[in-house]
Amino acid sequence: MPKYIAFLRAINVGGHTVKMDVLRQLFESMGFSGVETFIASGNVIFEASEKNTTSLEKKIEAGLHKALGYEVSTFIRTPAELARIARHQSFTKTELDAAAALNIAFIAESLDDAAAKRLMACKSEIDDFHVHGREIYWLCLKKQSESKFSNAVLEKAIGRRSTLRGVSTIQKMAEKYS
């Protein structure tokens, strides 16, 4: 059965706390098997016979909304996609070495030109961006607390939902599940 990785947006924010064992049970109740979580930030690995990731995203979003009472946007990638995301060279080694953080935003669909232009207008002396497929790489040269950029700013700029993960988390997941 195919394996997938679901990146959940805002599963544990705004006063909501979902323990990972409960999250695994919710996924199993939706008919998924081999369910695991990777750190407590809404990364769920599972197996499903369904091959259409858009259908899987909708099924998970509906199931989580019914069980939790709030919206949890879901972004699914295959292990092969995750490996490509982790390997992608979004910035030069010199840029990466100078940075305080590199984050990857997952989005449902590739950006159109207008959304990409709005994102690039957010570039600053601290923040830089690289768009590749359905991912946005955010390079932060200083502590993220010094940046005016956030997932909320990103979503407003591109006009759609997203969820951010640190590159080290993505690399560890790719190593484990690819």
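The values are calculated or read from the model by the stated rules, or taken from the named source; none is laboratory data. Just so you know, these numbers come straight off a predicted model, no measurement behind them. Cβ placement follows ideal geometry from the backbone for every residue including glycine, while neighbour counts extend to all protein chains displayed.
If a residue must be within 15 Å of ALA10 (Cα to Cα) and among the aromatic types (Phe, Trp, Tyr), how many such residues does segment 39-68 contain?
Number satisfying all stated conditions: 0.
Every residue in segment 124-136 that is within 13 Å of GLU95 (Cα to Cα), touching a helix residue (DSSP H, G or I) at 6+ places or on another chain (Cβ under 8 Å) and in contact (Cβ under 8 Å) with a residue 12 or more places away in the chain, please.
ILE126, ASP128, listed by residue number.
If I filter segment 9-26 for residues that are of a type in the set (Gly, Ala, Ser) and under 19 Å from the mean Cα position of the chain (by Cα), do I get at least one hit?
So far as segment 9-26 goes, yes, one or more of its residues are of a type in the set (Gly, Ala, Ser) and under 19 Å from the mean Cα position of the chain (by Cα).
Within segment 110-128, is even one residue of a type outside the set (Val, Ile, Thr) and on the phi > 0 side of the Ramachandran plot?
Within segment 110-128, none of the residues are of a type outside the set (Val, Ile, Thr) and on the phi > 0 side of the Ramachandran plot.
Those residues that are modelled with pLDDT of 95 or more and among the small types (Gly, Ala, Ser), I need them from segment 154-178; list them, please.
ALA157, GLY159, SER162, GLY166, SER168, ALA174
Rundown of residues vs (1) farther than 23 Å from LEU164 by Cβ; (2) in contact with a strand residue (DSSP E or B) (Cβ under 6 Å, 6 or more places away or on another chain); (3) of a type in the set (Phe, Trp, Tyr), yes/no style:
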site: GLN25; (1), (2), (3): yes, no, no
site: GLY31; (1), (2), (3): yes, no, no
site: VAL44; (1), (2), (3): no, yes, no
site: GLU47; (1), (2), (3): yes, yes, no
site: GLU50; (1), (2), (3): yes, no, no
site: SER55; (1), (2), (3): yes, no, no
site: SER73; (1), (2), (3): no, no, no
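Can you say whether ARG24 is in contact (Cβ under 8 Å) with a residue 60 or more places away in the chain and charged (D, E, K, R), as far as the supplied structure shows?
no
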